[in-house]
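Structure, as structure tokens:
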Amino acid sequence: MNDDSGIYQIRNLINDKIYIGSAIDLKWRNRQHFSDLKYNRHFNKYLQRAYNKYGIENFNQKCRESAKKY
């Protein structure tokens, strides 16, 4: 993940469910998501429950589309 802006996904590798979001800074947003999940304070209760149940090793995040920041 780079510093560009764009659309990203977090995929649950167990049940193949996907969370899709957008960010101005993809690298920062990635760190923020997984920090919030780690400390059990993520705003999305469904993603948080899945993370608590399956663990970080069963999730990945990738950029679906990026755009350069100006």
*Skip the ligands, DNA and RNA, and give the accessible area per residue of the chain with a 1.4 Å probe, whole Å².*
70 Å²
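Only helical DSSP H runs with n ≥ 4 go in: add -39500 (n - 2.57) per run for the chain, normalise by residue count and round the 222 nm mean residue ellipticity to 500 deg cm²/dmol. Write down the numbers at each step before the final one.
Values: 2 runs with 23 residues, N = 70.
Computed mean residue ellipticity for the chain: -10000 deg cm²/dmol.
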*Between 0 and 90°, nearest 10: helix 45-54 axis offset from the chain longest Cα axis*: 60 degrees
*Can you list the lysines whose alpha carbon sits under 18 Å from that of residue 62, skipping same-chain ones fewer than 8 residues off?*
17, 27
*On Cα atoms only, tilt of 26-38 relative to the major axis of the chain in degrees*: 20 degrees
*Check residue 59: other-chain or 5+ apart residues with amide H under 5 Å from its amide H, H built from backbone geometry?*
13
*Tell me which residues come under 5 Å, amide H to amide H, from residue 4 once H is placed; ignore anything under 5 positions away on its chain.*
26, 27
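Viscosity 1.002 mPa s, temperature 20 °C: what is the translational diffusion coefficient of the chain from Stokes-Einstein with a Kirkwood Rh over Cα pairs, rounded to a whole number of µm²/s? Before the final figure, lay out each step's value.
Working: Rh = 12.3 Å.
In µm²/s, the coefficient is 175.
For the chain, which whole-number percentage of the solvent-accessible area (1.4 Å probe, protein heavy atoms only) is attributable to carbon and sulfur atoms?
Values: 2410 of 4930 Å².
Roughly 49 percent, rounded to a whole number.
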*Under the Karplus relation 6.51 cos²θ - 1.76 cosθ + 1.60, θ = phi - 60°, what is the ordered set of whole-Hz ³J(HN,Hα) values for the range 57-64, x standing for Gly and Pro?*
5, 9, 10, 9, 10, 9, 7, 8
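The values are calculated or read from the model by the stated rules, or taken from the named source; none is laboratory data. Just so we're clear, the structure is a prediction, and the values are computed from it rather than from any experiment. Side chains included, ligands, DNA and RNA excluded: accessible areas come from the protein's heavy atoms. Shrake-Rupley method; radii C 1.70, N 1.55, O 1.52, S 1.80 Å.
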